[in-house]
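Inspection log for the structure reproduced underneath, given as C-alpha cells.
Every read-out reported here was derived from the displayed coordinates using simple, explicitly stated rules and does not represent laboratory data. Just so it is clear, the structure is predicted and the values come from calculations on it, not from any experiment. Here Cβ is always computed from backbone atoms with ideal geometry, including for glycine, and neighbour counts include all displayed protein chains.
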Number of protein chains: 2
Amino acid sequence: MSTAEEMTMSEPGLACCTPLTGTPMSAAQAEQVAPLLKALADPVRLRLVSLIAASAGGEACVCDLNDAFDLTQATISHHLKVLHSAGLLDRDKRGVWVYYAVRPGALAAVANLFDTAVLTPA
Amino acid sequence: MSTAEEMTMSEPGLACCTPLTGTPMSAAQAEQVAPLLKALADPVRLRLVSLIAASAGGEACVCDLNDAFDLTQATISHHLKVLHSAGLLDRDKRGVWVYYAVRPGALAAVANLFDTAVLTPA
DNA sequence: TGCAGACATCGACGAGCGTCGATGTGCTTT
DNA sequence: AAAGCACATCGACGCTCGTCGATGTCTGCA
C-alpha cells in the first residue's frame, strides 16, 4: 500500500524555493484524516449527520432519516454504514428500530484540525 | 437528476419518531458545502494545503510542492487545480513560477462549520 | 407458528476520481 | 530566433463511489 519513500526536497540555489516555517502534516497523518473528511464530503451524509445532531437527544432512528430523503432505504442504510465505519456515528439497536447518534467529539476533532493544526497559517 | 417521487411512509402513532430540537442543515446548504469537503478529502490535497500553509508567507511554488511527492507533475497540477477551483487556494503567477496560497478564511470557514453550526449537538 | 415491519446486505450499473504519459502554452535565456 | 524550463491541459486507464432493486436477517405481534 504505502508506495512513497520521498526525500529530495530542497536544491540550494534555486529562486523559487519557499522555506517551511511551520511543520506540515505528515503523509501518514494525511492518510488517517482523509477518510474522515471523505465520509463527510457528501451532501446526503452531511444532512444525515446534521439531522441526527439536531434531533432530540442527539440521536435519530433510521425510519425518520429515511423519510427525509428521496432516496431508497438501501441507499440511506449505506450512507449510515459509511458514517458509522468512519467512527462518526454510534449505532444502537432498540427492538426493531436502530438509532444513530453523533459520536461525541468526532466533529470537534475535525473542527480542531482546521483550527489549531498546521493548516491555518496565521 | 431527481428521480423519485417518494411515497409517504409515515404513519401517525409510531414510537420511533425523534422530534427535531435544532435546525438541521438544508439540502441546498449541504450541496454547497460538500464540494469544499470533497476537495479536502484526499491525502495528497490535504498535504498540499498543509505544505502551502506551513511555508513562508503562506505560499509555495509548484516546483517545491512537486518535489514533496512521488507523483507526476501532471497529477500535482491536477490536485492544485481542484483546490483552486474549490476556492481554497489562490493562484499567483510570477514569471515562470506559479505560487499557490491558502485563501484567507477558507479553512476557518470549514472549521466554523463543525464548531458553531448545527452539526454539533451539545 | 406464521406473518409483517425495520434494517442490513448483495450484486449490478453508470458516473466520477486519481493517476499517468504525451502534448501544449508561456516565459526566460542564449 | 531557437532552445530550455515551469506549468497546464489532454485523452486514457483502472478503480472507487452513489444509487438501485432484490433478497436476507431479526424483532414483535396476531
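Can you pull out the residues in the stretch B:53-76 that are loosely packed, with under 15 Cβ neighbours inside 10 Å and within 16 Å of DNA strand C (Cβ to nearest atom)?
Taking the stretch B:53-76 as the starting set, the residues that turn out to be loosely packed, with under 15 Cβ neighbours inside 10 Å are B:56-57, B:70, B:72-75.
Scanning the stretch B:53-76 gives B:ASP70, B:THR72, B:GLN73, B:ALA74, B:THR75.
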Considering only residues of the stretch A:80-95 that are over 15 Å from A:ALA53 (Cβ atoms), in a helix (DSSP H, G or I) and more than 8 Å from DNA strand C (Cβ to nearest atom), which is farthest from the other protein chains (Cβ to nearest Cβ)? A:SER85
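Take B:LEU46 and tell me if it is part of a helix (DSSP H, G or I) and touching a residue at least 40 places away in the same chain (Cβ under 8 Å). Give the steps one after another, and end with the answer.
Working: part of a helix (DSSP H, G or I): yes; touching a residue at least 40 places away in the same chain (Cβ under 8 Å): no.
No, not satisfied.
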Please give the number of the condition A:SER26 fails out of (1) surrounded by fewer than 17 Cβ atoms within 10 Å (Cβ to Cβ); (2) in contact with a strand residue (DSSP E or B) (Cβ under 7 Å, 6 or more places away or on another chain). (2)
Search result, residues across the stretch A:15-34 that are within 14 Å of the chain's Cα centre (by Cα) and at the interface with chain B (Cβ under 8 Å from one of its Cβ atoms): A:ALA30, A:GLU31, A:VAL33, A:ALA34
Out of curiosity, is B:ALA53 in contact with a Pro (Cβ under 7 Å, 6 or more places away or on another chain) and either assigned to a helix (DSSP H, G or I) or under 30 Å from A:LEU89 (Cα atoms) (or both)? yes
